[in-house]
Structures are given as C-alpha cells and as structure tokens.
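*Asks:* Starting off with a structure, shown below.
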Amino acid sequence: MDKKIILTGDRPTGKLHIGHYIGSLKNRVEFQNSGLYESFIMIADQQALTDNARDPEKIKNSLIEVALDYLAVGIDPSKSTIFIQSQIPELNELTMHYLNIVTLSRLERNPTVKAEIKQKNFENSIPAGFLIYPVSQAADITAFKATTVPVGEDQLPMIEQTREIVRSFNSIYGEVLVEPEAIIPKEDTCGRLPGTDGKAKMSKSIGNCIYLSDDADTIKKKVMSMYTDPSHIKVEDPGQIEGNTVFTYLDVFATDKDAVEEMKEHYKRGGLGDMKVKKYLNEVMQAELEPIRNRRIEFEKDIDAIYDMLKDGSDKARAVAANTLREVRTAIGIEYFTKK
Ligand code: TRP
C-alpha cells in the first residue's frame, strides 16, 4: 500500500502553547514516528499575513519561534518535511485556479472564518485575502496530495471546503486531486483545551496560555492562578469538577488516571483544597514541559541551522507542489507550450 501523506501547519503569529501541543503537535509526532505516513509540516506565514498585512515583522519573528517549538516537541526534519508556505509560489497559482470553482457565498458561510471575522471586528473591512484563505488552505493540502490532515476541531470547516474543491475540480477536469481526511485528537477536550482562565479556548489574544517555552516559574504561577470552581470557597465545601479547568487539565495531562479519579471524588465530597490540586497539576505540567523546554534551549543556540533546515524543507516541498501544479495546468488545458 502507498504511504499515506500528511499535510498540516500553523500560522506563525506567536509562540505555540499547550493547546497546540495537545490539539495537534503531539499527534503529529506520533504519526511521524509510526512510519506509516510521509509528513509535510508547513509554517503558514502567508496565511498569517492575510490578517497581519501591516505587521510582517511579527510574522517573521514568530516563524522561527514556531520552528523551534516544532523541533522541541520532537518533530524531526529527517523524518518530516518542515517548510515555509511563502517559499512555495506554486501554492498561489493553485489557489487562483481553485477560486474559479468556489462561490463567494460559500466563502462567506465558512463558520471558522465567520467567527474570526467577528472576533477581529472586521465588519465591512474584511481583507479579501482573509476571506479566501480556506481556498489557499485547500491549495496547501492538495499540492501535496495529502490524504490526512491532523488538526484541531476549528479546522474541520477548512477540510470540508477542501474536499468540496477537490470533488468539483476532479469532476470538471478529471481525477487529479486527492480528497483529504481530517484527523482530530481522540479526547474531546483536546480539540479545544480551555485557557487557564477557564474560557473556551486557549488564545494568545486573551492571554490565557501556557507556552511550550515558558520557564518553570512562569508555568507554576499560571497553574496556581488557574480558574477552578468559584463557589468552592472553603476547603470543606463540596466542589464541582465540570468546567473546573484544573481538573480538565489533569484529565488531559496526568498519566496516573486513578490518582485523578481519587482527587475528583475527594473534591466533590469536600475537604480537598484548590491549592493541593493545583500543586499536583503543577508537578504534572512541569514533568511534561521540562524536556520540551530543554530541547528548545538547545536548538535556540544555532538559529542559522534552523534556517538551513527550513530552506531544505522548502526546496523539497516546492518540487512536490510544482509537480501537482503541472498536472493541474495540464488537466485544465493551459499547458500551451508543452509538447505532448
Ligand atoms: N489554518 C491553520 C491554522 O489556523 C493553518 C494552516 C494553513 C493549515 N494551511 C493549512 C492547517 C493546511 C492544516 C492544513 O493554524
């Protein structure tokens, strides 16, 4: 059987946090090491520019942070191709071809884009490039003939839109493109790890994140000030587990599930203080994040080597995308000067 192909990526708008880690990075490392997939991992700088056109410096600086985070969690450039979106101009041409088979009203219906437009207060000033980024994302995915796209839940509408584009393209021009499948993390909380303030999503703009690069003290401070059950005031009070962020994190990160169950029971009965639970969570988080942080510090020592790695990955990715683009142009019938 042919190897399955993975394409996934992140917008470089800041450092990556444990929401990214649990929602997707951890999965990617597993897939990479399974040997069952060929993996392409893309730093989506061009997509990040669709709503940061006036702040390219931020994207440029974040790009290297994201690359460091990848390496720190165990994405290995000898096994996965890590590349930069903007270095693959073929993706833009693919986007243009796909735009002709997508309607404006379909673009306006994408729920993730809709939510972002609201959140960013774009109202009547939506950058056109932003509105069409799902189409450019379809180009990212199809350029590599990806079969599998491991992403967080919020990306499902993008994969759905990609599948529609693939079906229309293939039905008009012939079977060229591959319909991808999304894979989201197993545990339900993983798709959307709440922020430390208990808000729905960990998000840089809200400031409720624990970053993969946070030092031990910062992690401790963030854990100790986490949102719990606001009506659990005295230690003896019975406490709530549902919506209690500390327990949500324990469910996701703790390996000793029995210990967590025991703590939950105790907390519900009353007599277990928030401080104790948080101390335990802090130990769990430190154990998970320390090796990642230490690897990151090692990689930070040679930034030139990181750029070399990204250049190699981009060259390799570009060759693959160029191949697909040639097939697409041939299928459409615009390879006028190529002799058969
Ligand atoms: N939209 C993704 C995000 O917000 C980034 C991304 C761009 C992506 N192109 C992709 C993800 C292709 C998966 C596949 O993080």
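Any read-out appearing in this document is the output of simple, stated calculations on the displayed coordinates, not a laboratory observation. Bear in mind the structure is a predicted one, so any value in this text is a computation, not a measurement. Note that we place each Cβ from the backbone using ideal geometry, even for glycine, and neighbour counts take in every protein chain shown.
*Asks:* Putting +1 on Lys and Arg Cβ atoms and -1 on Asp and Glu Cβ atoms, find which of 41, 170, 134 reaches farthest to the positive end of the dipole of the chain.
*Replies:* Of the listed residues, the answer is 170.
*Asks:* May I pose another question? Return the whole-Å distance between the Cα centroid of the stretch 78-131 and the Cα centroid of the stretch 17-40.
*Replies:* With the stretch 78-131 and the stretch 17-40 each reduced to a Cα centre, they are spaced 23 Å.
*Asks:* Related question: May I ask for the Rg/Rh ratio of the stretch 1-64, computed from Cα atoms with Rh as the Kirkwood radius, given to two decimals?
*Replies:* 1.07
*Asks:* Please report, largest first and rounded to whole Å, the three semi-axes of the ellipsoid equivalent to the chain, where each semi-axis is the square root of five times an eigenvalue of the C-alpha gyration tensor.
*Replies:* So the three semi-axes of the chain are 40, 22, 18 Å.
*Asks:* Report the antiparallel proportion of the DSSP beta bridges in the chain as a percent, rounded to a multiple of 5.
*Replies:* Counting only bridges with both partners in the chain, antiparallel ones make up about 5 percent.
*Asks:* Any idea what Rg and Dmax come out to for the stretch 240-340 if you just take the C-alpha atoms, in Å?
*Replies:* So, for the stretch 240-340, Rg and Dmax equal 26.0, 80 Å respectively.
*Asks:* Using just the Cα positions, wrap the stretch 216-298 in a convex hull and report its mean projected area in square nanometres, one decimal place.
*Replies:* 5.3
*Asks:* Using modelled amide H (1.01 Å from N, peptide plane; none on Pro or chain starts), what sits under 5 Å from the amide H of residue 181, excluding residues fewer than 5 places away?
*Replies:* It is 148, 149, by chain and number.
*Asks:* Set the Förster distance to 30 Å, then compute FRET efficiency between residue 224 and residue 181 from the Cβ-Cβ distance, nearest 0.05.
*Replies:* 0.15
*Asks:* Can you run phi through the Karplus equation (6.51, -1.76, 1.60; θ = phi - 60°) for the stretch 102-111 and list ³J(HN,Hα) in whole Hz, with x for Gly and Pro?
*Replies:* 10, 8, 4, 5, 5, 4, 6, 8, 4, x
*Asks:* A follow-up question, please. So how long is each side of the stretch 71-197 along the principal axes, counting just the alpha-carbon atoms, biggest first, in Å?
*Replies:* 45, 43, 28
*Asks:* With θ set to phi - 60° and the Karplus curve 6.51 cos²θ - 1.76 cosθ + 1.60, what are the ³J(HN,Hα) couplings of the stretch 274-289 in order, to the nearest whole Hz, using x for Gly and Pro?
*Replies:* In residue order, the calculated couplings are 4, 4, 5, 5, 5, 4, 5, 4, 4, 4, 4, 5, 4, 4, 6, 8 Hz.
*Asks:* Going by amide H atoms built from the backbone, whose H comes under 5 Å of the H on residue 11, apart from near neighbours?
*Replies:* 44
*Asks:* Can you give me the long-range amide H partners of residue 4? Hydrogens built in the peptide plane at 1.01 Å from N, cutoff under 5 Å, separation of 5 or more residues or another chain.
*Replies:* For residue 4, the qualifying residues are 38.
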